[in-house]
1. At q = 0.13 Å⁻¹, what is the log10 ratio I(q)/I(0) for segment B:176-320, with the Debye formula run over Cα points and no solvent?
2. Averaged across C:88-101, how many Cβ atoms of other chains sit within 10 Å of each residue's Cβ atom?
3. Antiparallel DSSP bridges in the protein assembly as shown: what percent, to the nearest 5?
4. Dividing the Cα convex hull volume of segment A:2-261 by residue count, how many Å³ per residue is that?
5. Hey, quick one: spin label on C:L132, modelled 7 Å out along Cα-Cβ, who in segment C:196-227 has an amide N within reach, i.e. under 13 Å?
6. Please list, by residue number, every one of the GluC sites (Glu not before Pro) in segment B:240-301 that is coil in DSSP and has at most 14 other beta-carbon atoms within 10 Å.
7. In whole Hz, with x marking every Gly and Pro, tabulate ³J(HN,Hα) for segment A:69-77 from phi via Karplus 6.51 cos²θ - 1.76 cosθ + 1.60, θ = phi - 60°.
8. R0 = 30 Å: FRET efficiency of C:N170 with C:V237, Cβ-based, nearest 0.05?
Amino acid sequence: MTQSLAAFARSTWLQYVALFQWATPLGYFAYKVVLPVTQIVFFVQLGVFATGPGNALYFALGNSLQLTANSGIFGVIATVSNERQYGTLPLLLGSPANRLLTFMSRSFVNVLDGIVSVVFGLVVTAILYGLDLRTANLPLLGLCIVVISITTAGLGLLFGSLGLVMRDSIIVANVVYYGLLILCGINFPVSRLPDALQVVAYSLPLTRGVMAAREAVAGAAFGQVAGLLAGELLVGAVYAGLGYALFRLLEGWARRGGLQEAY
Amino acid sequence: MPSDPPFRHAIEVADLRKVYTTTRGTFRRTKVENVALAGIDLAIAPGELFGLLGPNGAGKTTTVKVLTTLLLPTSGTARVLGHDVVSATGDVRRRIGFVFGGERGLYWRLSGYDNLRYFADLYRIPPQVSKRRIGELLEVLGLAGREHDKVEGYSRGMKQRLHLARGLLNDPDVLFLDEPTIGLDPVGARDLRVLIRGLADHGKTIFLTTHYMFEADAICDRVAVIKKGRIVAEGTPSSIKQLVGDIGVVEFEVDTISQEDIERLQGLDTVSSVVVTERELALVVTIHCAQPAEVMTQLGRLLDGIAFRRVSAREATLEDAYVELIGEAS
Amino acid sequence: MRSLIRAAWRSFEMSTRLRVVSPWAYLNWLVFPVIFAAIGLFVLTSSGYARVAYGVLGGGVIGFWSVTYLDGGNSIQEERWNGTLEQIFAVPTPLVVIVIGKILGSLLLGLLAFIPTVGLAYFGFHAVLPALDPLRFAVSLGVLSFSFFIIAVALTPLFAISRSAFTVLNGLELGVYGLCGFMFPVSQLPQWLQPISYALSPTWATRALYASATPSASGDIAGWWLASIGLSALYLVVSVALYRFVEVRARVSGELALA
Ligand SMILES: Nc1ncnc2c1ncn2[C@@H]1O[C@H](COP(=O)(O)OP(=O)(O)OP(=O)(O)O)[C@@H](O)[C@H]1O
Ligand SMILES: [Mg+2]
């Protein structure tokens, strides 16, 4: 048991290293520290300029939570493309292990990374903007962070699968990633969006989870946000399921020799 | 046009050294020195087709890059057409062309014609001249008719010929070719060799690197063998072959051969080595010797009563010499 | 001289043609600025239209900047992947001439970013800028373009020798938007950051740009133009040294060839 745990930890670590192999230490720092801090500061200053200093925390919190999307979307896509690059994908496909589990497990390292990113964002928010969590429902906030990290990774899995057939899926992912900044109630409430966009917003991960997390910071009890979290998980599961279905479809093609051209 | 300083050699290299310094490790960085060229000397006459042979990592590409101004040497001097490659980069660049083998180095999403016109402008060739020259080059290199297709649709051979066209745009006096036939099929490679030989016959100085011994043997006027950054042999292909001593090989097949028989063959004056290798159902005996014809006539007497088949004699190839040189100098 | 102009022109033409077929270019001038403009407009109009100029123009300025310099940086990375970086380095045309051609292309593409963003402001938010002074605005935009152009030309050789320089600067993107006052005034920033802002040429040009589009604006617009141009000239001097350094550095390490 401890042995297999150690093996699991090791493979997770290796996946993480592979994920950032493109970066020098300085590049990693820029990407994991400078980028999040500047994102938070930029949007907070914008918000304060527009709406007054009283709202700084609204913007800081929203952007801290959104940081998970970086791992959930780009990280998951990179993990899948790394596997393609190293040729480990067929090994996975060929193994008798539970496929769904195997498929999901590839996003594990990014879920962890996403959680760490959000926590880092909250620390930055606490230092720069005096976020005070003494009145917050901390376990609930923790749960919200875990949930949004899982659900954005679910969306990431869909793009990971798309990436197996589409050369420019990373472009589409970029659009989605920045789209989340507008649509998910990060910098202004979803209610300000036109009706049609509100429908889109509620069919994306993050939207409900961010709402729930804001409530948790304000001290809400689990019962008050249970509905939001359930909805959030459902949305994430739908995207992960779509990703898995697409993945199986491609697997079928690959068996019949059709996928080679796609690579 | 600036005039060249007087020069006797088109390319002149003296005690050229290149040491790459790279850092290793992520947090504890250590400097690693890699000696790519350990002091080489070369002198290549105008109009000569010169081949630099050597195994992977020997320093061929590094030599070419220094000579084409892309790299600064660590020490030593190199002159092309009398111009120093370190300081007179402008003069050198205007007068040379270079082609690195392989498919990279072209804009795949543009047509072959656009690729050439772009580089023609970067070589600052007047438009009237470049227009004519591009037309000629497309014709000579067999790309005419396909020049407006995107490069991504070209075969490897076509890409390689497009590379060569690019290298010839400025009508260079000296042309550097780094493994120009790499990845080409035998026919494409031979066609390209014919083209290269033709260029040399029209008076261009050509500096070519290759792994393929027969390639150097077939077209080069003179070759040098480089190993671990040092020149280990230099001369005409035939003089290199002679360097190794053996100039002939006799081979035949037998079902079985005794130790005494082998010793008897080795006892001959002109024989330097006898090697027996197993091949399928027979044994192959390879004899390196000075006078293959002489050895052949003696075989019947020496191997009395043994049934030997498929006797053949051939000249040692440059490949044989190269393999011995590379093995020896280690 | 004529041959140099022709080389720059061809480099402009080639990079533009490569760009037209690259989906990344559309992401950078179309999608990305629109998203920033949308966020800016939503946030800035949440309590009235007093600060709407920053929403109408902010997305465009951000897009303009990031296309100009990202696109230049990307095109150098692309040359590296193509294996053409070494070749453009070894031609008799100086690298800076080729880079100027490329960046002029990026600059034009970057200007396109104003079309969808201003369009979004007008059609989506009914936001217009009635107080805009066309002449001052045009000059300010010219000065801003000049500052972007000089910075992009100056930075590009750095990307040629260092792959991580580009990553690092990418990480600083939003910081630059903030420091240069692209979407809110620099006075919003903490006091200790403001000196950095004032050392950046786009800051002054952006300030002039917004002042020429805002009704109650006062201030020495002409002085800001001069400040921006002066800083740009200073960068130019530094970049000459940078080009020299890069030329030598690339030839020592052979880094141009690494994919
Ligand atoms: N940019 C570089 N930085 C560090 N070391 C390098 C660099 N380029 C080449 N080297 C090293 O210098 C040595 C000579 O390399 P070079 O490319 O000149 O060999 P080559 O003869 O062209 O080999 P090949 O036949 O494989 O092309 C090798 O050990 C190589 O690893
Ligand atoms: Mg080589």
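1. Debye intensities relative to I(0), on a log10 scale: -0.73.
2. Values: counts 3, 3, 11, 9, 12, 6, 1, 0, 0, 2, 3, 0, 0, 2.
The mean count of partner-chain Cβ atoms within 10 Å per residue comes to 4.
3. On the way: 46 of 66 bridges.
Of all bridge pairs located within the protein assembly as shown, approximately 70 percent are antiparallel.
4. Numbers: hull volume 38.6 nm³, N = 260.
About 148 Å³ per residue, rounded to a whole number.
5. Flagged as within label range: C:209-215.
6. Numbers: sites: B:E251, B:E253, B:E260, B:E263, B:E278, B:E280, B:E294; in loops: B:E280.
Taking segment B:240-301 and a limit of 14 other Cβ atoms within 10 Å, the loop GluC sites (Glu not before Pro) found are B:E280.
7. 5, 4, 6, x, 9, 5, x, 5, 4
8. On the way: r = 26 Å, r/R0 = 0.86.
Efficiency at R0 = 30 Å is approximately 0.70.
The numbers here are math on the coordinates, done by the rules we state, and not lab data. Just so it is clear, the model here is predicted, and its values are computed rather than measured. Ideal geometry is used to build each Cβ from the backbone, glycine not excepted, and the neighbour counts take in all protein chains shown.
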